[in-house]
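**Student:** Have a look at this one.
Bear in mind these aren't lab numbers, they're just calculated from the coordinates by the rules spelled out. Treat the numbers as computed from the prediction; the structure is a model and nothing was measured. Here the Cβ positions follow ideal geometry from the backbone for every residue, glycine too, while neighbour counts run over all protein chains shown.
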């Protein structure tokens with residue numbers, strides 16, 4: 001299949017490989033630290049069975065859990081640290097699309113440059129919490 | 001999602017390994033890749049022995065595991081009102097989740113469905129977690145699987161980036177809308193709609209046709225302008241077959257709907273992506289499966305960000321699910337060497353029907 005040889009496709013694949021790998025490693029390490037108690041849990045693990053049946057809104061209220069990116073400032077806690085792997089995995093597509101944009105620019109393929117720009121804008125806006133009610 | 005793409009795209013390597021291990025020496029090395037691809041899913045070799053038995057036993061353990069897991073949840077639900085889930089140690093649930101996801105991963109890959117489409121109705125029905133957290137974890141499961149499969153799909157040319165990007169961009173917009181609506185609606189309403197959707201997916205699996213290489217007489221102007229076309233290497237004939245697409249505007253509209261459903265229910269959308277690409281737009285089946293994975297990885301990302309930002313992803317639910325599903329998928333791919341794909345597909349349809357009915361009845365408040 002000739003498309004496998006397109007430069008943007010190969011570059012996308014390379015970045016996707018490394019970012020996904022980084023995300024999985026972070027996911028496993030931080031979860032192990034959370035479960036094994038190497039990092040203290042903000043919401044005690046023993047309390048979770050009484051809380052995970054609540055809706056998101058009720059859970060956040062009951063545990064006083066901050067939303068958005070505030071978990072970044074409490075990375076010394078197991079439940080917050082567990083979010084880093086999830087954030088890396090969720091960010092893989094943004095990184096991949098960003099690295100292929102210069103290729104489309106060089107090829108003067110403005111249609112795909114615009115599509116990439118829009119895709120990154122949507123993903124970045126979602127990541128930034130533009131659509132979220134806090 | 002343990003996705004159609006993972007099924008189709010892992011097949012050559014897996015079946016080659018299967019053939020090398022289980023077929024007579026004289027037949028394995030001479031069989032062409034295409035021949036092995038065509039024959040293995042339907043062939044069960046007598047030489048497979050103990051390993052095959054273990055895999056079969058593992059497969060048939062799944063319904064038993066689901067029932068066993070359903071029992072404590074049911075018993076607890078019927079128990080005290082004050083602390084309904086406190087009777088079971090906290091670590092039992094993530095461990096049970098890991099085990100169930102391992103089994104789901106095993107059957108999702110050979111059945112050609114995504115893990116998310118099994119995950120959300122089963123975990124949402126039989127585990128004590130709120131549907132918000134289940135859908136958040138389901139999206140992460142779907143996205144992780146698609147991301148993991150992505151690099152090899154792109155390198156092998158099984159996924160086409162120029163086909164995937166416009167559709168992924170559209171689907172990522174609508175998946176945010178779906179996620180927003182899903183977290184705003186009452187859980188029982190979402191659960192009821194999910195039950196109906198899962199039953200619809202089971203119906204689609206029973207009735208859907210596939211076209212290995214659809215005939216596209218004339219590409220539409222939009223796909224021509226975007227340069228969406230490619231060259232597919234047909235392993236059976238050994239020929240390079242050019243492909244092109246049609247009905248691109250209709251495809252964009254359909255992916256708007258698919259993305260919305262994926263974000264709303266957290267089920268991913270491989271079950272819908274592949275038929276849309278293959279039957280509507282005329283993409284060859286394997287390119288459709290590979291490109292579907294790329295679309296899913298981008299579209300799920302936007303909805304996952306929304307769930308993460310809203311606090312609807314709990315690591316204690318999401319991480320064991322992702323790890324269990326990924327590990328199960330590796331075993332599941334080997335199942336194709338010992339069981340007919342149609343048997344596994346029928347099992348998945350049966351599970352979807354059961355989980356769909358359970359989800360629907362739970363949403364309606366009939367079977368809590």
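**Student:** Packing-wise, with mean Cβ within 10 Å as the measure, how do B:273-280, B:344-351, B:287-294, A:93-100 rank, highest first?
**Tutor:** B:287-294, B:273-280, A:93-100, B:344-351
**Student:** Mind checking the mean number of beta-carbon atoms from other chains within 10 Å of the Cβ atoms in B:222-228?
**Tutor:** Per residue, the number of nearby Cβ atoms from other chains is 1 on average.
**Student:** Using only the Cα atoms of region A:2-91, construct the convex hull and provide its projected area averaged over every direction, in square nanometres to one decimal.
**Tutor:** The number I arrive at for region A:2-91 is 7.6 nm².
**Student:** Working from Cα positions, state the angle (0 to 90°, nearest 10) between the long axis of helix A:78-106 and the longest principal axis of chain A.
**Tutor:** For helix A:78-106, the angle is close to 10 degrees.
**Student:** Can you tell me the relative contact order of chain A? Whole percent, Cα pairs under 8 Å, sequence separation 6 or more.
**Tutor:** Result for chain A is 34 percent.
**Student:** Now for a different question. With an 8 Å cut-off on Cα pairs and a minimum separation of 6 or more residues, tell me the relative contact order of region B:243-368 in percent.
**Tutor:** It comes to 17 percent, rounded to a whole number.
**Student:** Helix A:7-35 against the longest principal axis of chain A: what's the angle in degrees, Cα atoms only, rounded to the nearest 10?
**Tutor:** 10
**Student:** A further question follows. Any idea what angle helix A:110-128 forms with the longest principal axis of chain A, computed on alpha-carbon atoms, 0 to 90 degrees, nearest 10?
**Tutor:** With both axes taken from Cα atoms, the answer is about 10 degrees.
**Student:** Once you have the alpha carbon radius of gyration of region B:320-368, what is it after dividing by 2.2 N^0.38 Å, with N set to its residue count?
**Tutor:** Cα Rg divided by the expected 2.2 N^0.38 Å: 1.51.
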